[in-house]
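Structure record follows, encoded as structure tokens.
The values are calculated or read from the model by the stated rules, or taken from the named source; none is laboratory data. As the structure is a computational prediction, the values presented were derived from the model and not from experiment. As a convention, Cβ positions derive from the backbone with ideal geometry for all residues, glycine included, and neighbour counts pool all protein chains shown. These area figures cover heavy atoms from the full protein model, side chains too; ligands, DNA and RNA do not enter into them. Shrake-Rupley method; radii C 1.70, N 1.55, O 1.52, S 1.80 Å.
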Amino acid sequence: MKESITEIKVRGYHADMYGHVNNARYLELLEEARWNHFESSVDYEEFTKNGWAFIIVNINISYRKPAVPGDTIQIKTAYKTHGSRSMTLHQTVFVNGTDTIAAEADITFVVLDAKTQKVVGLEGRLLEILTA
């Protein structure tokens, strides 16, 4: 799976009373970047046609430096590792096109078969789609 970068301008509604991006908002910003990543690097039409769905099972996030309204952040999303039933992506949030890291996260997900409501093993065509 290729690496992608999503650029998002930090708006006032992303900030908390301290004037920086709220910790919960980072989860939304990271999700936006993951959707962008999957739509640009995975055959999403085939993925959904098979009735598969991404289900987040773990998020481990570290906050490094505040981002504030007016900043532009770049979120780098890249494949990290996978097992037989789950895959982990690493996301890094950079501030204003610099190498300053605002946050880093490892997001682990499984693929669910929407019809059976069971986790699908990461093998065969599904693994090809996710790691192409």
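Which of the residues that make up segment 88-113 are surrounded by 13 or more Cβ atoms within 10 Å (Cβ to Cβ) and either of a type in the set (Gly, Ala, Ser) or touching a helix residue (DSSP H, G or I) at 6+ places or on another chain (Cβ under 6 Å) (or both)?
GLN91, ALA102, ALA103, ALA105
Among the residues of segment 33-46, write down those that are buried (at least 17 other Cβ atoms within 10 Å of the Cβ), of a type outside the set (Gly, Ala, Ser) and more than 15 Å from GLU128 (Cα to Cα).
Hits for segment 33-46 are ARG34, ASN36, HIS37.
Please go through segment 57-74 and pick out each residue that is touching a Lys or Arg at 6+ places or on another chain (Cβ under 9 Å) and surrounded by 14 or more Cβ atoms within 10 Å (Cβ to Cβ).
Going through segment 57-74, the residues touching a Lys or Arg at 6+ places or on another chain (Cβ under 9 Å) turn out to be 69-73.
Passing the criteria: PRO69, ASP71, ILE73.
For segment 31-40, give me the residue count where each residue is within 20 Å of LEU112 (Cβ to Cβ) and either touching a residue at least 12 places away in the same chain (Cβ under 8 Å) or of a type in the set (A, V, I, L, M, F, W, C) (or both). Even if it seems obvious, please write down each step before you answer.
Let us first name the residues in segment 31-40 that are within 20 Å of LEU112 (Cβ to Cβ), namely 31, 34-35, 37-39.
Keeping just the survivors that are either touching a residue at least 12 places away in the same chain (Cβ under 8 Å) or of a type in the set (A, V, I, L, M, F, W, C) (or both) gives 34-35, 37-38.
Counting residues in segment 31-40 that are within 20 Å of LEU112 (Cβ to Cβ) and either touching a residue at least 12 places away in the same chain (Cβ under 8 Å) or of a type in the set (A, V, I, L, M, F, W, C) (or both) gives 4.
Being in contact with a helix residue (DSSP H, G or I) (Cβ under 9 Å, 6 or more places away or on another chain) and not in a loop (DSSP other than H, G, I, E, B) is the filter here, so list the residues in segment 54-73 that pass it.
PHE54, ILE56, ILE59, ILE61, TYR63, ILE73
Kindly provide the set of residues from segment 91-132 that are assigned to a strand (DSSP E or B) and over 30 Å from TYR63 (Cα atoms), ordered by number.
ASP113, LYS118, VAL119, VAL120
Determine, yes or no, whether LYS49 is modelled with pLDDT under 95, open to solvent by 70 Å² or more (accessible area, probe 1.4 Å) and within 21 Å of VAL119 (Cα to Cα). Talk me through it step by step, then tell me what you get.
Numbers: modelled with pLDDT under 95: yes; open to solvent by 70 Å² or more (accessible area, probe 1.4 Å): yes; within 21 Å of VAL119 (Cα to Cα): yes.
Criteria met by LYS49.
Just to be sure I understand the filter: pairs with C-beta atoms under 6 Å, separated by 6 or more residues or on different chains, first member in segment 51-74 and free of Cβ contacts under 8 Å to residues at least 40 places away in the same chain and closer than 16 Å to ASP16 by Cβ, second member aliphatic (A, V, I, L, M) and crowded, with 16+ Cβ neighbours inside 10 Å. Which pairs pass?
LYS65/ALA102
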